[in-house]
Structure formats: C-alpha cells, structure tokens
1. Any idea what the relative contact order of the chain is, in percent, if you count C-alpha pairs under 8 Å spaced at least 6 apart?
2. Using 0.36 nm per residue of separation minus the Cα-Cα distance, give me the extension gain between residue 279 and residue 422 in nm, one decimal.
3. Give me the log10 of I(q) over I(0) for segment 93-170 at q = 0.21 Å⁻¹, as the Debye formula computes it from C-alpha points; what are the numbers?
4. For the pair residue 86 and residue 128, what calculated FRET efficiency results from E = 1/(1 + (r/R0)^6), where r is the Cβ-Cβ distance and R0 = 25 Å, to the nearest 0.05?
5. So how strong a dipole does the chain carry about its Cα centre when Lys and Arg Cβ are +1 and Asp and Glu Cβ are -1, to the nearest 20 debye?
6. Applying the Karplus parametrisation 6.51 cos²θ - 1.76 cosθ + 1.60 with θ = phi - 60° to the phi angles of segment 175-184, what ³J(HN,Hα) value in whole Hz is obtained for each residue in order, glycine and proline being reported as x?
7. Among 195, 170, 65, which one shows the highest mean-square fluctuation when the chain is modelled as a Gaussian network with alpha-carbon springs under 10 Å?
8. Can you compute the modelled spin-label distance between residue 54 and residue 194, with each label point 7 Å from Cα toward Cβ, in nm?
Amino acid sequence: MKKQPLLTCSVFFLLLLFSVLAVLSAIGTYRISVDGSKNLLQTKATDIALSVSFTLERFGLKQQLFNDMLSRPRWDDVAYLALYDQNLIIVLHSNPNLIGIYDEKPTIIETFKTKHMSVHSERLATGEKVFILDFPITLHVENESKIYCLRVALHPYPAEAIVRRANFQLILIGISIVLLWGFTAFFLRFWLKALRLEEELREKEKMAALGEMAAVLAHEIRNPLSSIKGFAQVYQETAESEEEREDFSIIVNEATRLERLTTNLLIYSKPLSIRPEPFSVKEFVSELKKEAELLTPDKNVKITFQRAQKVNLDKEALRQIVLNLLQNALDAANHTSDPEGPKVDVMVSAHKNALQLVVADNGPGIPKDLQAKLFVPFFTTKTKGTGLGLAIVKRLTDLMNGKIKIDSDKGKGTRITIEIPLN
C-alpha cells in the first residue's frame, strides 16, 4: 500500500509528459499549416502577378484585359485584379466600373515607396476575406517606362482548407488528451480501489483468524477465572486478618481485570452489527452514572452529563463506547499533576443531526506521534492495558458512521469527541 502514492505520481507524471509533448507537437503542426497556407497563397499570387505582368507587357493596357483573363477557368481562385499608377489612380480593374477612380490605400503607397511586394489580408464589402498581393511592375507605355502596382486578390478557400484540417487535428488531439486523462484517472482509481479492497480483505482474514483464536482463549480462560474470582471473594469476606483480606483483594482485582480483557477480546473478535432502537438520553445517562460509580468510587472524580431528547441509535454500542472511553480517561487522570486531583468530565448531548459524546480528563496528555496509533488493536501505553478498549470504540463508531476527534496537549489532558449522525 505504501507504493501506491509513488506509482500514482509516476503514472500521472508520464501522462503529463505525454500530454505536453502531444500539445507541443499539435501546436507546431498547426503553425506549420498556417505558415504553409500563407506561403501557398503568396506563391500562387506571385505566379499570377508575373503572368499578368507578361500579358500587360505584350498586349498593353486594354480595359477589358483583366475581365477577359478572369473569365477563364484557371483563374477561378482570383477574386479581382487591379493596376494602380503612381498617382494612385486605378488604370485597370477586373470590375470596369472602378477604372479611373483614385484609391489611396496605405499598402499601395508603401509598395510604390519601397518597390517591394507586400502581402496582407483584407475583408471585402461583401464580408469575404481575401488574400492581397501588391506587386510592383515596370511597363513600357508610349515609349516610356512607368512603374505600376499590380494588386492580386485571391480567394483563400484552398489555403483555409489546410488551416481547417490543422484546427480539426488540434481539437482532436485536445479531446484525445482529455479522454486519456479521464480514462487513466478512472482506471487508476478503480485499480487503487481494488488494491485497497485486497489489502482490507487480507487484513480482515488476519483479524478473523486472530479473533477466532482470541475467542477460543477467552472462553477457555473465562470459566476458571470466574471460579477463582468467586472463591477469592468468599475467602476475602471470611478472612480473619486484614492482611489476608488485602491478599484476596489483589486476587479479586486482577481477576476482574482479566475478565475485562476476555470481555474485550470477545467483543472485538465477534462480528458486530448495529441495532438501532429508540431510547431516552435521560435514562441512558442515568444508567451510565450507575456504572460509572462502580468504576470510580473516588469522590474526587467528577462525571457530568448533559441531558437531551429521545434518539434512535444502538444503545448498547453507545454504552460500550462511553465506558471504554471513561476507563481510559480514569486511568490517565490517575497520573495527573493537577493539585486538585484527578478529574474526568463526560458529556452527552444530542444536536439536530448528531449525538455528541465528549470525554475529557486532566491527565498527562497524549504525545502527537502516538495519537494516530491510539485506535490500533493491542497498542497501549499502559503497563496493564490490553490495547482493545479504544480499538473497540473506533470499530463501533465506524459502524455507526461516526467521527472521532482527539484534542490533547502534553500536561493539559485529553479530550475525545465522538459525533454520531442521528439519521
């Protein structure tokens, strides 16, 4: 189980690396496609400009020349042709109605100034976006060489098809990466859940074997232990000297402790189930007080309860939880350094959605590094502890979907709060 976080991180790191490489590759392909489409348009527009230049040089500036050229099928990609003189007058145009118009376009002015071709995109009045090439040419007109600017406007459909394919590939790769992350997270979660279930199954099998052994031992020990305790109590009552009564008292106390151990072993080893029943918290608290008096005849230990309304929970499970917590709190409080002596407060209160059990003591407190181990079976810091009391508390609380909170500081006691939902 310890290898799971490392394996999960490795899988997500490799997936992240693959995703980054895939995105970079897709972006690179997209840029190449965009640049390729521009180069395609520029190359085609330049070829057309050179072809038009040769035609103008051969046939001269005839008004219908551009219109006749665009009527041929091979010129279908051309949106329009225009020829400007240095005065920014349209000399020729594929639309004869525009011939002779003064058109002060910044790109035309720049082309005349630099005498280098320029390219850009422009949106027509119809809303169509076209690719524009402004190409400077020199023509011999009336025995005189003059510089003109030839404008070639192309429909970008073929080039846009390349960009559309690149966009589609980019979206497809993005969707693929998202699906890959989703499937990986799903299967990884499923796999980790299967590992946890397998680990829990192994733990349950181990605990079942341990519980079976514990149950056998508890039954074998319990019967002779009851006899020993019974005879010790009889002899304690009939003893003639105080010394003999003290000796038999030790036997009775140790037998009681062993009885508690066998009881905890039986509780922890057998399958538990929750059986809710309606009961009054007031009556429940009264019963707890009577049992608490048996645990602590010392008047210095104060146990207080806060009464509440009727609830529908497993009364026996709650009683076992409170008594186990109370026993641990009493053991801790007996080692207090408080001048007022040992003190334990037990509070039971029912809120709107939960029943709250609080057990607080003024003992020496629990170190932070040991708090996580408190509910582990057979873990104890006491010389005569069994390590099953709090394990049983945790098991019963989990069965009732409750939560446990520990507040403890060294030298300031311990406060354990348990909240159990009422629904």
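The values are calculated or read from the model by the stated rules, or taken from the named source; none is laboratory data. Quantities reported herein were computed from a predicted structural model and do not represent experimental measurements. All Cβ positions, glycine included, derive from the backbone under ideal geometry; neighbour counts span all protein chains shown. Remember, those area values only see protein heavy atoms, side chains included, never the ligands or the DNA or RNA. Shrake-Rupley method; radii C 1.70, N 1.55, O 1.52, S 1.80 Å.
1. Once normalised by length, the contact order is 10 percent.
2. 50.2 nm
3. Ignoring solvent entirely, the Cα scatterers give -1.08.
4. 0.30
5. 740
6. 5, 4, 5, 4, 5, 4, 5, x, 5, 5
7. Of 195, 170, 65, the most mobile in the Gaussian network model is 65.
8. Output for this residue pair reads 7.0 nm.
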